[in-house]
Amino acid sequence: MKNLMFIIVVLLCGNGVMAQKHGQPVLITLQQVERILGEPALTTLSGDTSNVEVYVSKSEFHARSLDHASDKTGAFAYIYEDYNSESEAWKTYRGISLSNEKSPGFEKMNNFGDEAFYHSDGRNFYLIFARKGNKILRMKVNKITSKTSLPEFRKVAQELMLNF
């Protein structure tokens, strides 16, 4: 019986460290993505991973057709991260923020979670990276087209942050 209990504990704990239970992830909807891209889209990747430090949910979307005005097909990526500790989330946020803050198009966002920034080169991508407590939101449009909506990009990010 002791051997059975030991096996159960090892299976539950993995390498001796029990993973913290994470709450329900804050996911983006296809309708929200279509508001951002300004056209019908499809999900091209969706999945989640977790380890003893963080739960991560990733989704990628692409517009269903080429935008002839820009000669690009809109693409969007969303990542939700739920860390076991606020300090780990802060370290992740801080590292990404420091690597972007000297780039043209970087701006800190106020009243948006605990800390957040927006970054864009104005032609190819929009990025919002935000932290609230132990959770991080990453949103990126990586192919800006003539149909992409920056106001909707910001509005959807705000909507999602309200659920953190």
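Is it the case that region 31-40 has a residue that's of a type outside the set (A, V, I, L, M, F, W, C), farther than 24 Å from ARG131 by Cβ, modelled with pLDDT of 95 or more and touching a His at 6+ places or on another chain (Cβ under 6 Å)?
No, every residue in region 31-40 fails to be of a type outside the set (A, V, I, L, M, F, W, C), farther than 24 Å from ARG131 by Cβ, modelled with pLDDT of 95 or more and touching a His at 6+ places or on another chain (Cβ under 6 Å).
Within the group GLU81, GLU88, GLU53, GLU60, which residue is without any contact (Cβ under 8 Å) to a residue 24 or more places away in the chain and within 18 Å of ARG138 (Cβ to Cβ)? Explain how you work it out, then say what you get.
On the way: GLU81 fails: without any contact (Cβ under 8 Å) to a residue 24 or more places away in the chain; GLU88 fails: without any contact (Cβ under 8 Å) to a residue 24 or more places away in the chain; GLU53 fails: without any contact (Cβ under 8 Å) to a residue 24 or more places away in the chain.
Step by step, each of GLU81, GLU88, GLU53, GLU60 is checked, and only GLU60 is without any contact (Cβ under 8 Å) to a residue 24 or more places away in the chain and within 18 Å of ARG138 (Cβ to Cβ).
For a quick check of your reading: which strands (runs of 3 or more DSSP E) sit entirely within region 108-164 and have at least 1 residues that are among the charged types (D, E, K, R) and over 14 Å from the mean Cα position of the chain (by Cα)?
115-120
Scan region 33-58 for residues that are in contact with a Ser or Thr (Cβ under 9 Å, 6 or more places away or on another chain), under 17 Å from PHE125 (Cα atoms) and not in a loop (DSSP other than H, G, I, E, B) and jot them down.
Once the filter is applied, which keeps residues that are in contact with a Ser or Thr (Cβ under 9 Å, 6 or more places away or on another chain), under 17 Å from PHE125 (Cα atoms) and not in a loop (DSSP other than H, G, I, E, B), region 33-58 yields VAL33, ARG35, ILE36, LEU37.
Find the residue count for region 59-81, including only residues that are in a strand (DSSP E or B) and either farther than 28 Å from PRO151 by Cβ or among the β-branched types (Val, Ile, Thr) (or both).
Number of matching residues: 1.
Can you tell me which residue among PHE76, PHE106 is in contact with a His (Cβ under 6 Å, 6 or more places away or on another chain) and aromatic (Phe, Trp, Tyr)?
Of PHE76, PHE106, the one residue that is in contact with a His (Cβ under 6 Å, 6 or more places away or on another chain) and aromatic (Phe, Trp, Tyr) is PHE106.
Pairs, please: C-beta under 7 Å, at least 6 apart or cross-chain, first residue without any contact (Cβ under 8 Å) to a residue 60 or more places away in the chain and closer than 17 Å to ASN142 by Cα and in region 106-130, second in a strand (DSSP E or B) and among the basic types (Lys, Arg)?
PHE117/LYS108; PHE125/LYS140; TYR126/LYS140; LEU127/LYS140; PHE129/ARG138
Give the number of residues within region 45-82 that are basic (Lys, Arg) and more than 16 Å from PHE129 (Cβ to Cβ).
Here the count works out to 2.
Give me a count of the residues in region 86-107 that are of a type in the set (Asp, Glu) and assigned to a strand (DSSP E or B).
Of region 86-107, the ones of a type in the set (Asp, Glu) are 86, 88, 101, 107.
Within this subset, residues satisfying the condition of being assigned to a strand (DSSP E or B) are 107.
Residues meeting the conditions: 1.
Say we look at region 96-142 and pick out the residues that are surrounded by fewer than 19 Cβ atoms within 10 Å (Cβ to Cβ) and small (Gly, Ala, Ser); which of these is nearest to VAL56 (Cα to Cα)?
In this case the residue turns out to be GLY133.
The values are calculated or read from the model by the stated rules, or taken from the named source; none is laboratory data. The structure presented is a predicted model; accordingly, all values stated were derived computationally and were not measured. So basically every Cβ, Gly included, is an ideal-geometry build from the backbone, and we count neighbours across all protein chains shown.
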